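The values are calculated or read from the model by the stated rules, or taken from the named source; none is laboratory data. Owing to the predicted nature of the structure, the values given are computational and were not obtained by experimental measurement. So basically every Cβ, Gly included, is an ideal-geometry build from the backbone, and we count neighbours across all protein chains shown. These accessible areas exclude ligands, DNA and RNA; they are computed on the full protein's heavy atoms, side chains included. Shrake-Rupley method; radii C 1.70, N 1.55, O 1.52, S 1.80 Å.
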Amino acid sequence: TTVGTTSFTPNTYYCQVGKSKEPAESITFTTTLPEDAEVASISAKFGGFGDTKGDITLNVGEATVGTGALNGTKDVIVTSTSTAVGNKVTITVTNIAKGVKCYNIQVKYKTAN
């Protein structure tokens, strides 16, 4: 079994993705792992402005492995609550009420090779 970690900072600055009373569509971050990957954990850190809101979903393939919510200026770390087999990891923020900042995403996984 090979154990790997992929870590990246999608955007170190604030993204104005909507207005305070007009939610944006969504923001999606993705990473592709080796074909036979089993995701052990996902950790995603987000923050925002005074009125920032948003719902965060962590997916491995079609399986949802964790959820969370943004609330104002507080930093939020969303972590997966289960493991899943699949090589496509998607982190999505929906129902955005104002700018969102994504500090870091870390995915830990293992493979059979």
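Remarks
- Restricting the stretch 48-106 to residues that are open to solvent by 40 Å² or more (accessible area, probe 1.4 Å) and charged (D, E, K, R), the residue that is modelled with the lowest pLDDT: Lys98
- Pairs are defined by a Cβ separation below 9 Å, a sequence spacing of at least 6 or placement on different chains, a first member in the stretch 40-69 that is assigned to a loop (DSSP other than H, G, I, E, B), and a second member that is among the aliphatic types (A, V, I, L, M) and open to solvent by less than 60 Å² (accessible area, probe 1.4 Å); the pairs so defined are Phe49/Val100; Asp51/Ala97; Thr52/Leu70; Thr52/Ile96; Thr52/Ala97; Thr52/Val100; Gly61/Ala84; Gly61/Val89.
One line per residue, one yes/no per condition, for (1) hydroxyl-bearing (Ser, Thr, Tyr); (2) within 9 Å of the chain's Cα centre (by Cα):
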| position | (1), (2) |
| --- | --- |
| Thr64 | yes, no |
| Gly72 | no, no |
| Ile91 | no, yes |
| Lys98 | no, no |
| Cys102 | no, yes |
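- Only a single criterion out of (1) over 30 Å from Thr111 (Cα atoms); (2) at pLDDT 60 or above is not satisfied by Thr28, namely (1).
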